[in-house]
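Worksheet: the structure to be examined is printed underneath.
The values are calculated or read from the model by the stated rules, or taken from the named source; none is laboratory data. Computed from a predicted model, the values in this text were never measured in an experiment. Please note: Cβ atoms are built from the backbone with ideal geometry, for glycine as well, and neighbour counts cover all protein chains shown. To get the accessible areas, we keep the full protein, side chains included, count just its heavy atoms, and leave off ligands, DNA and RNA. Shrake-Rupley method; radii C 1.70, N 1.55, O 1.52, S 1.80 Å.
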Amino acid sequence: MIFKKSISVSPIKTGFDPVLFAGKLEDGIPIIADLGFDAIELSIKDPNEKIIKDTIKTASNYGLAISTIATGQSYYNDHISLSDLNEGRRKSCISRMAANIDLASSLKAVIIIGGIRGAGYDSQKSDLPRFMENFKKSLNEIIPYAEKKNVVLLLEPINRYETMLINDVTQALNLIDEIKSENLKILLDTYHMNIEERSIEESFRKAKGCIKYIHLADSNRLAPGWGHINFKSIVSTLNEIGYEGFIGFEILPKPSDHEAAVQTKDFFDLFLRESKDH
Ligand code: LER
Ligand code: MN
(Lines give C-alpha, C1' and ligand atoms only; values in the text may rest on other atoms or scores of the structure.)
(Ligands and ions follow the chains in the order given, each with its own letter.)
Protein backbone atom coordinates (compact mmCIF):
# COMPACT_ATOMS: atom_id res chain seq x y z
CA MET A 1 0.00 0.00 0.00
CA ILE A 2 1.22 3.45 -0.80
CA PHE A 3 0.57 6.20 1.71
CA LYS A 4 1.73 9.75 1.38
CA LYS A 5 2.14 11.67 4.58
CA SER A 6 1.06 15.17 5.40
CA ILE A 7 1.08 17.18 8.61
CA SER A 8 -1.25 19.96 9.79
CA VAL A 9 0.31 23.39 10.20
CA SER A 10 -0.80 27.01 10.43
CA PRO A 11 0.97 30.08 9.03
CA ILE A 12 -0.56 32.19 11.81
CA LYS A 13 -1.26 31.78 15.53
CA THR A 14 -4.75 30.38 16.00
CA GLY A 15 -7.33 29.35 18.57
CA PHE A 16 -7.38 26.00 16.75
CA ASP A 17 -4.90 23.89 18.73
CA PRO A 18 -3.84 20.76 16.79
CA VAL A 19 -1.50 22.42 14.30
CA LEU A 20 2.29 22.58 14.34
CA PHE A 21 4.51 25.64 13.97
CA ALA A 22 1.60 28.11 14.22
CA GLY A 23 2.97 31.60 13.59
CA LYS A 24 6.50 30.27 12.95
CA LEU A 25 5.99 28.17 9.85
CA GLU A 26 9.05 29.60 8.09
CA ASP A 27 11.08 27.69 10.71
CA GLY A 28 8.84 24.63 10.55
CA ILE A 29 8.76 23.97 6.81
CA PRO A 30 12.47 23.01 6.51
CA ILE A 31 12.10 20.68 9.52
CA ILE A 32 8.99 19.03 8.03
CA ALA A 33 10.71 18.59 4.66
CA ASP A 34 13.81 17.20 6.34
CA LEU A 35 11.74 14.62 8.21
CA GLY A 36 10.49 13.30 4.85
CA PHE A 37 6.87 14.45 4.78
CA ASP A 38 5.34 14.73 1.31
CA ALA A 39 2.97 17.58 2.03
CA ILE A 40 1.47 19.97 4.53
CA GLU A 41 -2.14 20.52 5.43
CA LEU A 42 -2.62 24.26 5.58
CA SER A 43 -4.97 25.44 8.28
CA ILE A 44 -6.08 28.86 7.10
CA LYS A 45 -8.38 31.71 7.90
CA ASP A 46 -8.58 33.94 4.84
CA PRO A 47 -7.07 32.41 1.68
CA ASN A 48 -6.49 35.89 0.24
CA GLU A 49 -3.96 36.87 2.91
CA LYS A 50 -0.43 37.43 1.62
CA ILE A 51 1.05 35.03 4.18
CA ILE A 52 -0.79 32.15 2.47
CA LYS A 53 0.88 32.82 -0.90
CA ASP A 54 4.27 33.19 0.81
CA THR A 55 3.81 29.93 2.73
CA ILE A 56 2.83 28.00 -0.39
CA LYS A 57 5.91 29.33 -2.17
CA THR A 58 8.23 28.35 0.71
CA ALA A 59 6.63 24.89 0.89
CA SER A 60 7.16 24.41 -2.83
CA ASN A 61 10.82 25.51 -2.53
CA TYR A 62 11.25 22.67 -0.01
CA GLY A 63 9.45 20.14 -2.23
CA LEU A 64 6.30 19.99 -0.09
CA ALA A 65 2.86 19.79 -1.73
CA ILE A 66 -0.28 21.20 -0.15
CA SER A 67 -2.48 18.16 0.41
CA THR A 68 -5.38 19.84 2.14
CA ILE A 69 -6.93 23.16 3.07
CA ALA A 70 -8.32 23.12 6.62
CA THR A 71 -10.92 25.81 7.11
CA GLY A 72 -11.87 25.81 10.81
CA GLN A 73 -10.05 29.07 11.58
CA SER A 74 -12.89 31.00 9.90
CA TYR A 75 -14.99 29.89 12.86
CA TYR A 76 -12.35 29.69 15.60
CA ASN A 77 -10.65 33.02 14.74
CA ASP A 78 -13.29 35.01 12.87
CA HIS A 79 -16.50 33.52 14.33
CA ILE A 80 -18.29 33.00 11.02
CA SER A 81 -19.73 29.60 10.17
CA LEU A 82 -21.67 27.68 7.54
CA SER A 83 -24.52 27.14 9.99
CA ASP A 84 -24.61 30.73 11.27
CA LEU A 85 -28.13 31.94 12.06
CA ASN A 86 -27.02 35.43 11.13
CA GLU A 87 -27.45 35.63 7.35
CA GLY A 88 -24.67 38.21 6.88
CA ARG A 89 -22.12 36.05 8.69
CA ARG A 90 -23.31 32.89 6.92
CA LYS A 91 -22.93 34.62 3.54
CA SER A 92 -19.47 35.88 4.40
CA CYS A 93 -18.54 32.30 5.32
CA ILE A 94 -19.85 31.15 1.91
CA SER A 95 -17.63 33.76 0.20
CA ARG A 96 -14.70 32.50 2.27
CA MET A 97 -15.46 28.97 1.08
CA ALA A 98 -15.56 30.11 -2.55
CA ALA A 99 -12.09 31.62 -2.13
CA ASN A 100 -10.93 28.38 -0.46
CA ILE A 101 -12.25 26.43 -3.45
CA ASP A 102 -10.33 28.71 -5.86
CA LEU A 103 -7.15 28.15 -3.86
CA ALA A 104 -7.66 24.37 -3.59
CA SER A 105 -8.34 24.15 -7.29
CA SER A 106 -5.05 25.87 -8.12
CA LEU A 107 -3.17 23.55 -5.72
CA LYS A 108 -5.07 20.34 -6.57
CA ALA A 109 -5.83 20.04 -2.88
CA VAL A 110 -8.96 18.90 -1.04
CA ILE A 111 -10.90 21.05 1.44
CA ILE A 112 -12.03 20.05 4.92
CA ILE A 113 -15.46 20.95 6.21
CA GLY A 114 -14.68 20.57 9.90
CA GLY A 115 -14.96 23.37 12.43
CA ILE A 116 -16.17 25.83 9.78
CA ARG A 117 -19.69 24.40 10.11
CA GLY A 118 -19.89 25.89 13.61
CA ALA A 119 -20.81 24.38 16.96
CA GLY A 120 -24.56 24.16 16.31
CA TYR A 121 -25.59 26.25 19.32
CA ASP A 122 -25.28 29.70 20.80
CA SER A 123 -26.62 30.76 24.19
CA GLN A 124 -29.26 28.04 24.26
CA LYS A 125 -28.83 24.55 22.98
CA SER A 126 -32.37 24.35 21.62
CA ASP A 127 -31.71 25.69 18.12
CA LEU A 128 -29.90 22.66 16.68
CA PRO A 129 -32.49 22.02 13.90
CA ARG A 130 -32.09 25.62 12.64
CA PHE A 131 -28.30 25.38 12.66
CA MET A 132 -28.48 22.05 10.83
CA GLU A 133 -30.87 23.46 8.26
CA ASN A 134 -28.51 26.37 7.62
CA PHE A 135 -25.51 24.07 7.38
CA LYS A 136 -27.27 21.98 4.71
CA LYS A 137 -28.38 25.14 2.90
CA SER A 138 -24.74 26.34 2.84
CA LEU A 139 -23.50 22.98 1.57
CA ASN A 140 -26.04 23.12 -1.24
CA GLU A 141 -24.84 26.64 -2.09
CA ILE A 142 -21.11 25.82 -2.22
CA ILE A 143 -21.18 22.36 -3.79
CA PRO A 144 -22.06 23.51 -7.33
CA TYR A 145 -18.99 25.78 -7.24
CA ALA A 146 -16.79 22.92 -5.94
CA GLU A 147 -18.13 20.72 -8.75
CA LYS A 148 -17.41 23.40 -11.34
CA LYS A 149 -13.85 23.80 -10.03
CA ASN A 150 -13.35 20.06 -9.63
CA VAL A 151 -12.57 20.32 -5.92
CA VAL A 152 -13.50 17.65 -3.36
CA LEU A 153 -14.99 18.79 -0.05
CA LEU A 154 -14.54 16.51 2.94
CA LEU A 155 -17.14 16.28 5.67
CA GLU A 156 -15.38 15.41 8.94
CA PRO A 157 -17.32 13.96 11.89
CA ILE A 158 -16.21 15.93 14.97
CA ASN A 159 -16.67 14.91 18.59
CA ARG A 160 -19.59 16.16 20.72
CA TYR A 161 -17.44 18.49 22.84
CA GLU A 162 -16.65 20.67 19.79
CA THR A 163 -19.91 20.65 17.84
CA MET A 164 -23.45 19.34 17.86
CA LEU A 165 -23.49 19.11 14.04
CA ILE A 166 -22.38 15.66 12.75
CA ASN A 167 -20.45 13.81 15.45
CA ASP A 168 -20.10 10.33 14.02
CA VAL A 169 -19.54 8.40 10.83
CA THR A 170 -23.17 7.27 10.43
CA GLN A 171 -24.46 10.86 10.63
CA ALA A 172 -21.84 12.02 8.13
CA LEU A 173 -22.59 9.23 5.64
CA ASN A 174 -26.33 9.95 5.91
CA LEU A 175 -25.78 13.63 5.14
CA ILE A 176 -23.46 12.80 2.23
CA ASP A 177 -26.16 10.44 0.91
CA GLU A 178 -28.77 13.16 1.21
CA ILE A 179 -26.67 15.82 -0.57
CA LYS A 180 -25.72 13.47 -3.42
CA SER A 181 -22.62 15.01 -4.96
CA GLU A 182 -19.49 13.24 -6.18
CA ASN A 183 -17.59 16.20 -4.73
CA LEU A 184 -18.66 15.59 -1.13
CA LYS A 185 -16.73 12.81 0.61
CA ILE A 186 -15.69 11.93 4.16
CA LEU A 187 -12.57 12.55 6.25
CA LEU A 188 -12.08 10.31 9.28
CA ASP A 189 -10.05 11.51 12.28
CA THR A 190 -9.01 8.86 14.81
CA TYR A 191 -9.08 11.38 17.68
CA HIS A 192 -12.79 12.09 17.15
CA MET A 193 -13.55 8.45 16.32
CA ASN A 194 -12.02 7.33 19.61
CA ILE A 195 -14.66 9.43 21.39
CA GLU A 196 -17.70 8.80 19.18
CA GLU A 197 -17.50 5.41 17.45
CA ARG A 198 -18.38 2.03 18.94
CA SER A 199 -15.47 0.57 16.98
CA ILE A 200 -12.96 2.65 15.03
CA GLU A 201 -12.22 -0.29 12.73
CA GLU A 202 -15.89 -1.03 11.98
CA SER A 203 -16.49 2.63 11.17
CA PHE A 204 -13.57 2.68 8.73
CA ARG A 205 -15.15 -0.36 7.06
CA LYS A 206 -18.56 1.30 6.97
CA ALA A 207 -17.18 4.42 5.25
CA LYS A 208 -14.98 2.46 2.83
CA GLY A 209 -15.07 3.96 -0.65
CA CYS A 210 -16.18 7.37 0.63
CA ILE A 211 -12.97 8.08 2.62
CA LYS A 212 -10.74 10.53 0.79
CA TYR A 213 -8.47 11.67 3.63
CA ILE A 214 -7.53 10.55 7.11
CA HIS A 215 -6.39 12.42 10.21
CA LEU A 216 -4.29 10.35 12.57
CA ALA A 217 -3.81 11.50 16.14
CA ASP A 218 -3.72 9.51 19.35
CA SER A 219 -6.51 9.31 21.95
CA ASN A 220 -5.25 12.50 23.67
CA ARG A 221 -4.53 14.24 20.33
CA LEU A 222 -0.80 13.85 20.83
CA ALA A 223 1.39 12.35 18.10
CA PRO A 224 0.51 8.71 17.37
CA GLY A 225 2.15 6.36 19.86
CA TRP A 226 1.77 8.80 22.76
CA GLY A 227 -1.76 7.76 23.73
CA HIS A 228 -3.62 4.46 23.67
CA ILE A 229 -5.19 4.04 20.22
CA ASN A 230 -4.28 0.69 18.64
CA PHE A 231 -2.73 1.91 15.38
CA LYS A 232 -1.58 -1.56 14.41
CA SER A 233 -5.18 -2.64 14.15
CA ILE A 234 -6.08 0.55 12.29
CA VAL A 235 -3.27 -0.03 9.78
CA SER A 236 -4.51 -3.52 9.05
CA THR A 237 -8.05 -2.17 8.60
CA LEU A 238 -6.76 0.45 6.15
CA ASN A 239 -5.02 -2.37 4.27
CA GLU A 240 -8.17 -4.45 4.32
CA ILE A 241 -10.38 -1.69 2.88
CA GLY A 242 -7.72 -0.74 0.32
CA TYR A 243 -7.33 2.87 1.44
CA GLU A 244 -4.74 4.64 -0.62
CA GLY A 245 -3.74 8.24 -0.48
CA PHE A 246 -2.77 10.74 2.14
CA ILE A 247 -2.43 10.10 5.82
CA GLY A 248 -2.53 13.47 7.54
CA PHE A 249 -1.31 13.96 11.08
CA GLU A 250 -3.31 16.53 13.00
CA ILE A 251 -1.74 16.70 16.43
CA LEU A 252 -1.08 19.05 19.32
CA PRO A 253 2.32 20.78 19.34
CA LYS A 254 3.28 19.02 22.58
CA PRO A 255 5.73 18.72 24.26
CA SER A 256 7.02 20.96 21.43
CA ASP A 257 6.33 21.38 17.71
CA HIS A 258 9.64 19.77 16.85
CA GLU A 259 9.31 16.75 19.18
CA ALA A 260 5.75 16.13 18.00
CA ALA A 261 6.91 16.17 14.35
CA VAL A 262 9.79 13.76 15.08
CA GLN A 263 7.53 11.35 17.00
CA THR A 264 5.10 11.42 14.06
CA LYS A 265 7.86 10.56 11.61
CA ASP A 266 9.22 7.74 13.82
CA PHE A 267 5.69 6.39 14.19
CA PHE A 268 5.02 6.55 10.47
CA ASP A 269 8.19 4.61 9.66
CA LEU A 270 6.95 1.90 11.99
CA PHE A 271 3.49 2.15 10.42
CA LEU A 272 4.94 1.48 6.97
CA ARG A 273 7.08 -1.40 8.20
CA GLU A 274 4.05 -2.97 9.84
CA SER A 275 1.93 -2.60 6.72
CA LYS A 276 4.64 -4.28 4.61
CA ASP A 277 4.61 -7.25 7.03
CA HIS A 278 0.90 -7.81 6.42
C1 LER B 1 -10.37 19.46 12.18
O2 LER B 1 -9.74 18.62 11.30
C3 LER B 1 -10.74 18.77 13.43
O4 LER B 1 -10.38 17.66 13.65
C5 LER B 1 -11.60 19.45 14.38
O6 LER B 1 -11.21 19.22 15.70
C7 LER B 1 -11.78 20.88 14.06
O8 LER B 1 -12.77 21.44 14.75
MN1 MN C 1 -9.37 16.43 12.18
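Observations on the model:
- Value of [θ]222 nm, deg cm²/dmol, for the chain, DSSP H segments ≥ 4, -39500 (n - 2.57) each, nearest 500: -14500 deg cm²/dmol
- Residue among Ile195, Ile116, Ile40 with the largest mean-square fluctuation in a Gaussian network model of the chain, springs linking Cα atoms under 10 Å: Ile195
- Taking every protein chain into account, the 1.4 Å probe leaves Glu133 with about 120 Å² of accessible area, to the nearest ten.
- Between amide H atoms placed 1.01 Å from N, distances below 5 Å from Thr68 occur with Leu42, Val110, all of them 5 or more places distant or on a separate chain.
- Cross-link pairs Lys53/Lys254; Lys57/Lys232; Lys206/Lys232; Lys180/Lys254 - those with Cα-Cα distance over 30 Å: Lys57/Lys232; Lys180/Lys254
- Cross-link partners for Lys91 among the lysines, with Cα-Cα distance under 22 Å and sequence neighbours closer than 8 places in the same chain left out: Lys45, Lys136, Lys137, Lys148, Lys149.
- Taking the protein heavy atoms of the chain in the context of the full set of protein chains, the accessible area attributed to carbon and sulfur is 48 percent at 1.4 Å.
- For segment 105-128 versus segment 24-75, the gap between their alpha-carbon centres in whole angstrom: 21 Å
- Under a 5 Å amide H cut-off, with hydrogens placed 1.01 Å from N, Tyr213 pairs with Leu188 among residues at least 5 apart or on other chains.
- Phi angles across segment 206-218 convert, under the Karplus curve 6.51 cos²θ - 1.76 cosθ + 1.60 with θ = phi - 60°, into 3J(HN,Hα) values of 4, 8, 2, x, 9, 7, 10, 6, 9, 9, 9, 8, 7 Hz, Gly and Pro given as x.
- Neighbour count of at most 16 Cβ within 10 Å plus DSSP loop: longest trypsin sites (Lys or Arg not before Pro)-free window in the chain: 25-107
- Loop-located GluC sites (Glu not before Pro) across segment 1-53 with a Cβ neighbour count of 16 or fewer within 10 Å are Glu49, with loop assigned by DSSP.
- Surrounding net charge for Asn174, when Lys and Arg each add one and Asp and Glu each subtract one, Cβ distance under 13 Å: 0
- Computed 3J(HN,Hα) for segment 240-257, one whole-Hz value per residue from the Karplus formula 6.51 cos²θ - 1.76 cosθ + 1.60 where θ = phi - 60°, is 4, 8, x, 5, 10, x, 7, 10, x, 9, 10, 9, 6, x, 10, x, 8, 4, glycine and proline marked x.
- Candidates Gly36, Gly72, Gly115, ranked by Gaussian network fluctuation over the chain, Cα under 10 Å, top entry: Gly36
- Normalised per residue, the accessible area of the chain is 43 Å², obtained with a 1.4 Å probe and no contribution from ligands, DNA or RNA.
- Length-normalised contact order of the chain in % [C-alpha pairs under 8 Å, at least 6 apart]: 19 percent
- Amide H partners (placed H, <5 Å) of Phe249, local residues excluded: Ser6, Ile7, Ser8, Leu216
- C-alpha center-to-center spacing [segment 149-176, segment 183-222] in angstrom: 10 Å
- In order through segment 57-73: 3J(HN,Hα) via Karplus (6.51 cos²θ - 1.76 cosθ + 1.60), integer Hz, x for Gly, Pro: 5, 4, 4, 5, 4, 9, x, 9, 7, 9, 6, 8, 10, 9, 10, x, 4
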